[in-house]
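Engineer: Take this structure, written in structure tokens, and hold onto it; I'll ask about it next.
The values are calculated or read from the model by the stated rules, or taken from the named source; none is laboratory data. For clarity, every value in this text was computed on a predicted model and none was experimentally measured. Cβ atoms come from the backbone with ideal geometry, glycine included; neighbour counts cover every protein chain shown. These accessible areas exclude ligands, DNA and RNA; they are computed on the full protein's heavy atoms, side chains included. Shrake-Rupley method; radii C 1.70, N 1.55, O 1.52, S 1.80 Å.
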Amino acid sequence: MDLKGYNPFKMAQEQFDKVADLLNLDQGVRELLRNPNREYHFNIPVKMDDGTTKVFRGFRVQHNDARGPGKGGIRFHPQETEDTVRALSMWMTWKCSVVDIPLGGSKGGVICDPHNLSKREQEQICRGWVRQIAHDVGPLRDVPAPDVMTNGQHMLWMLDEFETIHGHRFPGFITGKPVGMGGSLGRTEATGYGVIFTVREALRQMNIQPEETTASVQGFGNVAQYAIDLYQQLGGKVICVSCWDQGDQKSYSFRKLTGINLNELRSITDHFGGIEKDKARELGYDVLPGEDWIGQEVDILIPAAMENQIRKDNVKNISSKVKIIAEGANGPTTPEADEVIQRNGIFLIPDFLANAGGVTCSYFEQVQCNMNYYWEKDEVLSKLDIKMTSAFLDVCKLAETKKLYMRDAAYVIAINRVAQACKDRGWV
Ligand code: NAD
């Protein structure tokens with residue numbers, strides 16, 4: 001998924017180099033952390049429904065496991081590339097580190113398009129992926145999870161294959177399983193709620209009451225909907241959301257200045273997070289061009305759709321009223337736009353901190369699986385709140401004392417912890 005000429009791995013390495021300079025990391029550590037520790041590339045032969053055999057290409061990249069077993073999703077995507085998986089594995093290392101969970105960073109993928117595959121064919125890909133790598137992943141080595149176009153069912157097939165190969169039950173091998181089959185309560189809410197735990201703390205630092213604020217959100221999927229849910233519970237008002245329209249192949253923004261009604265919008269949204277335009281108009285929403293979410297006069301912007309959404313060409317549309325940008329999506333801001341945001345003094349909560357609620361809850365799932373004892377939802381969410389709040393406050397404190405931009409402060413903490421673990425283990 002190499003977007004508009006961007007090589008995500010190059011970008012991840014550039015971000016790393018910048019912080020490595022800032023930290024004055026020595027050469028050995030730099031070389032170790034600039035590239036993944038291990039990579040697996042393999043063929044997955046599948047007997048298709050029509051009797052032919054098709055060979056799919058699979059990957060697992062283990063960037064660094066100095067702080068604990070690797071953790072990271074598996075994507076099914078026709079444009080999956082080795083460099084995307086490499087970059088995402090590196091970002092997972094920093095994400096687990098910044099929230100201080102004892103896990104490293106990994107990522108996996110298969111080049112395929114699930115839209116064109118039967119359930120049986122998808123199951124064969126899942127089982128084939130595990131067969132190729134069953135001795136190099138595991139609860140104490142590297143723990144996969146769902147990601148783009150993979151879900152709880154895919155995880156269960158993978159778990160079943162892993163347990164068949166090893167001859168034991170290993171519920172902690174994989175996360176994102178359905179509740180009742182080893183999944184954790186609270187996982188659905190975790191990423192969106194995590195974004196708002198950080199927003200709540202940012203407002204507290206600014207002495208602003210959430211009830212006095214408004215927000216505009218890009219996306220209306222899992223992350224966006226649960227972020228809106230918690231933000232509204234805190235008393236905030238969301239006046240605009242945007243989403244992708246599958247039929248028109250373009251995005252739209254939906255605005256109601258008196259505040260959107262979450263349940264009402266959910267009732268006219270498909271399971272890809274697309275809102276029905278005509279029904280929204282009937283309910284009194286202004287249906288505007290997709291880009292308009294960014295130009296609203298609000299206090300908080302939450303990009304929670306996809307990467308490369310705040311760019312050089314549209315960063316100027318951000319209203320001077322905006323005080324906080326909380327990156328729910330991965331990589332929503334390009335480096336050029338980031339410079340403008342920093343210059344304009346907007347308080348940025350960077351992606352790998354803001355959206356770390358998902359991986360934190362996956363870690364809780366692993367812990368519960370390993371104990372074979374499952375917590376109530378409230379317990380999961382309050383543990384999540386503690387982790388996210390503490391990570392946010394650590395980053396804020398460093399940003400303040402060292403006069404760093406929030407993104408740089410988060411990177412400094414994350415990279416420092418991993419570098420220290422490598423040193424303590426005697427690797428460098
Ligand atoms: P999702 O598929 O549930 O929802 C995506 C939403 O974005 C949909 O409403 C879709 O219509 C909308 N969208 C897509 N393209 C758009 C565009 N160009 N303009 C406006 N809206 C657009 O996905 P999600 O799970 O909510 O993930 C959103 C982002 O958060 C992704 O970047 C993902 O990598 C990141 N993220 C998700 C999790 C998680 O736990 N779900 C964890 C960490 C990071």
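Engineer: Output the number of residues of region 143-177 satisfying the condition of being modelled with pLDDT of 95 or more, within 21 Å of A190 (Cβ to Cβ) and open to solvent by 50 Å² or more (accessible area, probe 1.4 Å).
Structural biologist: Matching residues across region 143-177 total 1.
Engineer: While we're looking at this one, here's another question. Considering only region 185-227, how many residues are of a type in the set (A, V, I, L, M) and under 20 Å from D270 (Cβ atoms)? If you could, list the steps in order and put the result at the bottom.
Structural biologist: Step one: of region 185-227, the residues of a type in the set (A, V, I, L, M) are 185, 190, 195-196, 199, 202-203, 206, 208, 215, 217, 223-224, 227.
Those left that are additionally under 20 Å from D270 (Cβ atoms): 217, 223-224, 227.
Within region 185-227, residues that are of a type in the set (A, V, I, L, M) and under 20 Å from D270 (Cβ atoms) number 4.
Engineer: So P139 clears everything in (1) more than 17 Å from Q366 (Cα to Cα); (2) more than 16 Å from the ligand (Cβ to nearest atom) except one condition, right? Which one?
Structural biologist: (1)
Engineer: Looking at the structure I just gave you, is G345 more than 23 Å from P144 (Cα to Cα) and either surrounded by fewer than 20 Cβ atoms within 10 Å (Cβ to Cβ) or of a type outside the set (S, T, N, Q) (or both)?
Structural biologist: On the way: more than 23 Å from P144 (Cα to Cα): yes; either surrounded by fewer than 20 Cβ atoms within 10 Å (Cβ to Cβ) or of a type outside the set (S, T, N, Q) (or both): yes.
It is true that G345 is more than 23 Å from P144 (Cα to Cα) and either surrounded by fewer than 20 Cβ atoms within 10 Å (Cβ to Cβ) or of a type outside the set (S, T, N, Q) (or both).
Engineer: Could you run through region 266-276 and say how many residues are assigned to a loop (DSSP other than H, G, I, E, B) and either more than 19 Å from the chain's Cα centre (by Cα) or away from the ligand (no atom under 12 Å from the Cβ) (or both)? Let's see the steps before the verdict.
Structural biologist: Here is the first cut: in region 266-276, the ones assigned to a loop (DSSP other than H, G, I, E, B) are 267-268, 270-274, 276.
Cutting the leftovers down to either more than 19 Å from the chain's Cα centre (by Cα) or away from the ligand (no atom under 12 Å from the Cβ) (or both) gives us 267-268, 270, 274, 276.
So the count comes out to 5.
Engineer: Next up: Report, by residue number, each residue of region 311-320 that is among the small types (G, A, S) and open to solvent by less than 80 Å² (accessible area, probe 1.4 Å).
Structural biologist: Residues of region 311-320 that are among the small types (G, A, S), as a first pass: 319-320.
The one that is among the small types (G, A, S) and open to solvent by less than 80 Å² (accessible area, probe 1.4 Å): S319.
Engineer: Same structure, new question: Give region 321-330 a look and list any residue that's open to solvent by 20 Å² or more (accessible area, probe 1.4 Å), within 22 Å of V223 (Cα to Cα) and at pLDDT 95 or above, or say none. Spell out how you get there, then give the answer.
Structural biologist: Step one: of region 321-330, the residues open to solvent by 20 Å² or more (accessible area, probe 1.4 Å) are 321, 323, 330.
Cutting the leftovers down to within 22 Å of V223 (Cα to Cα) gives us 323, 330.
The one that is open to solvent by 20 Å² or more (accessible area, probe 1.4 Å), within 22 Å of V223 (Cα to Cα) and at pLDDT 95 or above: K323.
Engineer: Among all residue pairs at least 6 apart or on different chains, which show Cβ distances below 7 Å where the first residue, located in region 63-75, is farther than 19 Å from A419 by Cβ and the second is hydroxyl-bearing (S, T, Y) and in a strand (DSSP E or B)?
Structural biologist: Within 7 Å, the pairs are G72/S106.
Engineer: Suppose we filter H77, H115 for residues that are farther than 29 Å from D394 by Cα, surrounded by fewer than 24 Cβ atoms within 10 Å (Cβ to Cβ) and within 18 Å of the chain's Cα centre (by Cα); which single one remains?
Structural biologist: Values: H115 fails: within 18 Å of the chain's Cα centre (by Cα).
Going through H77, H115 in turn, the sole match is H77.
Engineer: Can you find a residue in region 191-208 that is assigned by TED's automatic domain parsing to the domain that holds I74, in contact (Cβ under 8 Å) with a residue 40 or more places away in the chain and within 13 Å of the ligand (Cβ to nearest atom)?
Structural biologist: At the first step, the residues of region 191-208 found to be assigned by TED's automatic domain parsing to the domain that holds I74 are none.
Checking region 191-208: not a single residue is assigned by TED's automatic domain parsing to the domain that holds I74, in contact (Cβ under 8 Å) with a residue 40 or more places away in the chain and within 13 Å of the ligand (Cβ to nearest atom).
Engineer: If you take the residues in region 240-264 that are open to solvent by less than 30 Å² (accessible area, probe 1.4 Å) and over 14 Å from S216 (Cβ atoms), which one is nearest to the ligand (Cβ to nearest atom)?
Structural biologist: D245
Engineer: List the number of the failed condition for L140; all other conditions in (1) in contact with a Lys or Arg (Cβ under 7 Å, 6 or more places away or on another chain); (2) open to solvent by 40 Å² or more (accessible area, probe 1.4 Å); (3) more than 14 Å from I74 (Cβ to Cβ) hold.
Structural biologist: (1)
Engineer: Give the residue that is nearest to L288 (Cα to Cα), with candidates limited to residues of region 213-238 that are more than 16 Å from the ligand (Cβ to nearest atom) and touching a residue at least 40 places away in the same chain (Cβ under 8 Å).
Structural biologist: Going residue by residue through region 213-238, those that are more than 16 Å from the ligand (Cβ to nearest atom) are 213-214, 232-237.
Remaining after also requiring touching a residue at least 40 places away in the same chain (Cβ under 8 Å): 213-214, 236.
Values: T213: 22, T214: 18, G236: 22 Å.
The residue in question is T214.
Engineer: Please verify whether region 219-235 includes one or more residues that are among the small types (G, A, S), open to solvent by 10 Å² or more (accessible area, probe 1.4 Å) and touching a Pro at 6+ places or on another chain (Cβ under 8 Å). Break it down stepwise before answering.
Structural biologist: From region 219-235, those among the small types (G, A, S) are 219, 221, 224, 227, 235; that's our starting set.
Checking which are open to solvent by 10 Å² or more (accessible area, probe 1.4 Å) leaves us with 221, 235.
Narrowing further to those that are touching a Pro at 6+ places or on another chain (Cβ under 8 Å): 235.
Looking through region 219-235, at least one residue is among the small types (G, A, S), open to solvent by 10 Å² or more (accessible area, probe 1.4 Å) and touching a Pro at 6+ places or on another chain (Cβ under 8 Å).
Engineer: Scanning region 277-310 for residues that are away from the ligand (no atom under 12 Å from the Cβ) and assigned to a loop (DSSP other than H, G, I, E, B), which turns out surrounded by the fewest Cβ atoms within 10 Å (Cβ to Cβ)?
Structural biologist: The selected residue is G284.
This table checks each residue for (1) farther than 23 Å from I174 by Cβ; (2) among the hydroxyl-bearing types (S, T, Y); (3) surrounded by fewer than 17 Cβ atoms within 10 Å (Cβ to Cβ); (4) within 16 Å of the ligand (Cβ to nearest atom).
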position	(1), (2), (3), (4)
D351	yes, no, no, yes
G357	no, no, no, yes
V367	no, no, yes, no
D378	yes, no, yes, no
I386	yes, no, yes, no
I413	yes, no, no, no
